[in-house]
Structures are given as structure tokens and as C-alpha cells.
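Peer 1: Quick one: structure below, then a few questions.
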Amino acid sequence: MKAIVVVPTFNEAANLPAFVPAVLTQGVPGLGILIVDDESPDGTGRLADDIAARWPGRVEVLHRHGRRGLGRAYVAGFRRALEQGADVVVQMDADFSHAPGDIPRLVAALADYDVAIGSRYVSGGAASEDWSPGRRALSRWANIFSRIILGLKTRDATAGFKAWRRTALKAVDLGRVSSEGYVFQVEMAYLCERLGLRIGEIPIKFEERHDGRSKMTLGIKLDSAAGVFRIRRRHRGIRPLS
Ligand SMILES: Nc1nc2c(ncn2[C@@H]2O[C@H](COP(=O)(O)OP(=O)(O)O)[C@@H](O)[C@H]2O)c(=O)[nH]1
Ligand SMILES: [Mg+2]
């Protein structure tokens with residue numbers, strides 16, 4: 001089995017050197033990493049090339065140019081991973097919010113599901129204990145809003161830690177994914193539900209990032225709210241795969 005962890009980076013130079021070995025030593029056979037960097041001003045792209053040279057055949061770097069954005073980075077990364085023949089694709093942040101130690105559990109869950117979501121909002125899951133009540137409420141609210149507007153059953157619709165079967169990504173059809181930024185996560189959750197894919201929510205503890213800064217701002221959050229309506233307009237006609 002070939003599994004590729006797709007990790008988007010923007011200014012993650014402080015986290016990446018520890019992140020790569022932490023992922024590659026999880027004991028998942030055939031596991032590789034694809035780093036998707038959007039011309040980080042802090043030199044993450046060059047650093048990623050250096051790290052890749054130390055892990056031949058296991059780490060690859062995709063350098064994107066032009067307009068940046070999490071959604072675009074993920075679509076490019078997923079496409080590359082499928083081209084490389086990945087049977088399983090994992091997506092996660094580079095900042096240790098998603099514990100590399102949880103990768104084996106998510107991948108194992110694909111025995112029963114088409115997509116396994118590392119979920120904060122199921123029993124046993126948790127958001128960061130370091131978060132202020134305000135930040136916690138905002139994350140909760142973003143989730144509730146997305147779930148109500150789109151009628152989602154998924155408890156953690158904004159989750160960014162997931163494992164995909166190759167067949168699930170093929171069914172989603174990356175060509176119809178339109179989100180540029182963070183709302184990408186919600187769009188993918190909605191597409192999975194519209195298509196009737198088997199979705200498993202695996203409890204995880206979401207940690208505060210180790211180093212560096214979040215790229216999420218209030219402006220982006222408001223933009224994402226509009227994005228949720230756009231997603232509904234675009235995809236509500238999709239019917240389940242038979
Ligand atoms: N390639 C790429 N990665 C991004 C972009 N924005 C954020 N990221 C990465 O996506 C992950 C999540 O972003 P982060 O800022 O930690 O968001 P938060 O966890 O919601 O605070 C991290 O690995 C970031 O480096 C982007 O525009 N392009
Ligand atoms: Mg983060």
C-alpha cells in the first residue's frame with residue numbers, strides 16, 4: 001500500500017524540520033510526504049527541498065506559484081499524490097496541531113470508511129486546551145454554521161486532518177472543488193456527504209500549533225461564511241453514487 005501525507009505549508013520553517021521525521025517514523029508502511037509550499041517568504045520551500053534530499057524517495061516538494069490559498073494547494077497536492085499512485089492520501093497541517101501519532105489510527109479506519117476525519121467534536125475528541133474561550137467558541141460556531149447551512153451530519157465539518165481512500169478522492173472529482181482557502185475543508189465534507197461516501201469520524205485532540213503563526217484571520221473567517229453559501233449553490237444538485 002502506498003500512502004502519501006499531503007501537507008500544505010506557508011511560513012512553517014520553524015516546524016517542518018521536526019514534522020517530517022515525526023511523520024515518517026510512525027511505522028505506516030509505504031508512507032511518504034508531499035509538501036505543498038506557496039512561495040513562503042520565510043524560506044520554507046528551500047528548507048523543504050533540503051529535507052527532501054535527506055529522505056530520498058520518501059519526501060517530495062511541490063512548489064506552487066502565483067495565487068496562494070489552502071484549497072488550491074490541497075487540490076494540487078491531491079492531484080500529484082494520485083498521479084504518484086497513492087492508494088491512501090492523508091491531509092494534515094505542518095504545525096503539530098494534528099498529531100503525527102494519530103496517522104496510523106486514521107489510516108486503519110479506512111478499512112471501514114471511504115474517508116476518515118480526525119474529529120474534535122465527537123466523544124473522545126477535543127479542541128486545544130490552550131485556546132481561549134473566545135477562540136473555542138469561534139471554532140464551534142464555524143462548525144455549527146456550516147452544518148446548519150449545508151445540512152451536514154459530520155460533526156467536525158471544518159476538520160483539516162483526514163485520510164482518504166484513493167477511490168474517494170476520485171469520486172469527489174477534484175475538478176469541481178472550487179474553494180481557494182480554508183472553506184475547502186467544508187466543501188470536501190459536503191461533497192462526501194452528497195456523494196454518499198462512508199465517512200468515519202475518529203476522535204482526535206487538536207493541539208495548539210508548536211511554532212509560527214496561524215494564517216487564519218477574522219477577514220478570512222467572514223469570507224468563509226460567504227463561501228459556505230457558494231458551496232451549497234454549486235453542489236446541492238449532486239446525487240449519491242449508486
Ligand atoms: N500551501 C499553503 N499552505 C497554507 C496556506 N495557508 C495556510 N497554509 C498551511 O495550512 C496549515 C493550516 O494553517 P494554519 O495557519 O495553521 O491555520 P489554523 O490551524 O486554522 O490556525 C498549515 O500547515 C499552514 O502552513 C496557503 O495559502 N498555502
Ligand atoms: Mg494550525
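Peer 1: State the Kirkwood hydrodynamic radius of the chain in Å, one decimal place, computed from all pairs of distinct Cα atoms. Walk me through the numbers on the way to the answer.
Peer 2: Numbers: mean 1/r = 0.0557 Å⁻¹.
Hydrodynamic radius (Kirkwood, Cα pairs) of the chain is 17.9 Å.
Peer 1: When we measure straight from the Cα of Lys153, which lysines land under 29 angstrom away, once same-chain ones fewer than 8 places off are left out?
Peer 2: Result set, ordered by chain and number: Lys162, Lys170, Lys205, Lys215, Lys221.
Peer 1: While we're here: Where q = 0.19, 0.24, 0.26 Å⁻¹, what log10 of I(q)/I(0) comes from the Debye formula for the stretch 95-147, counting one point per Cα?
Peer 2: At q = 0.19, 0.24, 0.26 Å⁻¹ the computed log10 ratios are -0.81, -1.07, -1.13.
Peer 1: Largest first, please: the extent of the C-alpha atoms of the stretch 129-181 along each principal axis, to the nearest Å.
Peer 2: So the three principal-axis extents are 39, 24, 23 Å.
Peer 1: Sorted from largest down, give the three principal axis spans of the alpha carbons of the stretch 181-233, whole angstrom values.
Peer 2: Projected onto its principal axes, the Cα set of the stretch 181-233 covers 38, 28, 11 Å.
Peer 1: Still on this structure, I have one more. Find the all-direction average of the projected area of the Cα convex hull for the stretch 103-215, expressing the result in square nanometres with one decimal place.
Peer 2: Working: hull surface 30.6 nm².
Over every viewing direction, the Cα hull of the stretch 103-215 projects on average to 7.7 nm².
Peer 1: Can you say what percent of the DSSP beta bridges in the chain, counting only those with both residues inside, are antiparallel? Round to 5.
Peer 2: Values: 7 of 29 bridges.
DSSP beta bridges in the chain are roughly 25 percent antiparallel.
Peer 1: Compute, for the stretch 83-202, the length of the dipole vector about the Cα centre, with Cβ point charges of +1 (Lys, Arg) and -1 (Asp, Glu) only. Units Debye, rounded to 20. List each step's numbers first, then the result.
Peer 2: Working: 15 positive and 15 negative charges, 83 e Å.
It comes to approximately 400 debye.
Peer 1: If amide hydrogens are placed 1.01 Å from N in the peptide plane, which non-local residues have theirs closer than 5 Å to the one on Glu201?
Peer 2: Amide H neighbours of Glu201: Ile117.
Peer 1: I would also like to ask the following. Can you tell me the dipole magnitude for the chain around its Cα centre, using point charges on the Cβ only (Lys, Arg +1; Asp, Glu -1), in Debye to the nearest 20? Kindly include the intermediate steps, with their values, before the conclusion.
Peer 2: Values: 36 positive and 27 negative charges, 234 e Å.
Charge dipole, the chain, about its Cα centre: 1120 debye, nearest 20.
Every number in this text was worked out from the coordinates using simple rules, so none of it is lab data. Here the structure is a predicted model, which is why all the values come from computation and not from measurement. With ideal geometry, Cβ positions are generated from the backbone for all residues, glycine too; neighbour counts draw on all protein chains shown.
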